[in-house]
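Participant: One structure, as structure tokens, below. Some questions next.
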Amino acid sequence: MELLDGKVVSRGLKDSIAAEVAELKAQGKRVPFLVAVLVGDDDASKIYVANKDKACQEVGFGSTVLKFPADITEEFLLKEIDKLNKDPEVDGFIVQLPLPDHINESRIIEAIDPRKDVDGFHPTNTGRMVSGLPSFLPATPCGILELLKYYNIDTRGKHCVVIGRSNIVGRPMANLLSQKGIDCTVTICHSRTLNLAEEVRRADIVVSAVGSPRFVTADMIKPGAVVVDVGMNRLRSDQTKSGWKLVGDVDFENVAPKCSYITPVPGGVGLMTISSLIANTLRAYKKEIYAW
Ligand code: GUN
């Protein structure tokens, strides 16, 4: 078993972006700028946004976190998005999800200018992705593909089972894995799937994005499979300073010995998500996807 080490791969991606930013600075040019919008005080969202902001600093991007209380109105948030859409200093921005229940998530996402939608969640970007056109790709699936590529994992003709059908991970992941050049045969499993364990046992590559600790157990894994764990579950722990411990969806201890490759949590997919977001922001700055 070999670890798919998100630390090593994300570091490499960030280093090459940092070198590009240093070159821009040396030429006296403006550097890329990312804004993260955080509504409310969900603990996990606060940590994710802080990590994204920190990564911007590491590579030399400008960045800001716009923090708003949970009780802002949808209209207020739409006006803030309009300002970001029009701000020439902002290359890309994200609205951290989930949003409070009274705010319509789809309406917010559709208000983002697709040219600044570095999360790749706007229907223009998802539509273009599904059609195989240039688009911003959602950061987590994109980061997972980078990880598989770095370790030369052959995906052609392989059977991949994606567990979870969210717009953020499961659906775009399944779509990208089936695209030309990656060429997996893909099954999507979800909460209504019958015989989920049986489906997963057929997989050469498993991507789990469920949000439930120890959901994927050793008996579900075909020997030699590649296992990608997207889960970021926070459990109470008396062994850490913070009182919390991060675990994935996969029962790592028992699954790892059966795999050819597996991502650790932490140190796997989460870091790749952040470096992919940084890469998307550089693409937005360079107008690589949309020329207008
Ligand atoms: N919530 C969980 N993952 C993500 C992400 O990648 N982007 C945003 N905006 N919100 C999230």
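Participant: Pairs needed: first member in segment 43-67, under 20 Å from Ser242 (Cβ atoms) and within 12 Å of the ligand (Cβ to nearest atom); second member anywhere, among the hydrophobic types (A, V, I, L, M, F, W, C) and open to solvent by 20 Å² or more (accessible area, probe 1.4 Å); C-beta distance under 6 Å; at least 6 residues apart or different chains.
Facilitator: Val49/Val65; Asn51/Ile274; Lys52/Ile274
Participant: Let me ask something else about it. Mind listing just one residue for me: the one in segment 56-67 that is in a helix (DSSP H, G or I) and of a type outside the set (Val, Ile, Thr) and, of those, least open to solvent (accessible area, probe 1.4 Å)?
Facilitator: Cys56
Participant: From Val200, Val162, Val227, Val250, which residue is of a type in the set (A, V, I, L, M, F, W, C) and over 27 Å from Leu277 (Cα atoms)?
Facilitator: Exactly one of Val200, Val162, Val227, Val250 is of a type in the set (A, V, I, L, M, F, W, C) and over 27 Å from Leu277 (Cα atoms), namely Val200.
Participant: When only residues in segment 265-292 that are charged (D, E, K, R) and touching a residue at least 60 places away in the same chain (Cβ under 8 Å) count, which is nearest to Pro32 (Cα to Cα)?
Facilitator: Per the stated criteria, the residue is Arg283.
Participant: So which residues in segment 68-89 are in contact with a helix residue (DSSP H, G or I) (Cβ under 8 Å, 6 or more places away or on another chain) and either within 15 Å of the ligand (Cβ to nearest atom) or over 27 Å from Gly28 (Cα atoms) (or both)?
Facilitator: Phe68, Glu74, Leu77, Leu78, Ile81, Asp82, Leu84 - these are the residues of segment 68-89 that are in contact with a helix residue (DSSP H, G or I) (Cβ under 8 Å, 6 or more places away or on another chain) and either within 15 Å of the ligand (Cβ to nearest atom) or over 27 Å from Gly28 (Cα atoms) (or both).
Participant: Among the residues of segment 1-49, write down those that are part of a strand (DSSP E or B), of a type in the set (Val, Ile, Thr) and closer than 29 Å to Arg236 by Cα.
Facilitator: Selection gives Val37, Val39.
Participant: Still on this structure, please answer the following. So, in segment 185-203, how many residues would count as being at negative phi and open to solvent by 40 Å² or more (accessible area, probe 1.4 Å)?
Facilitator: 11
The values are calculated or read from the model by the stated rules, or taken from the named source; none is laboratory data. Keep in mind that what you see is a predicted model, and the values were worked out from it rather than measured. Reconstructed Cβ throughout: ideal geometry from the backbone, glycine too, with neighbour counts over all protein chains shown. Calculation scope for accessible area: heavy atoms of the full protein, side chains included, ligands and nucleic acids excluded. Shrake-Rupley method; radii C 1.70, N 1.55, O 1.52, S 1.80 Å.
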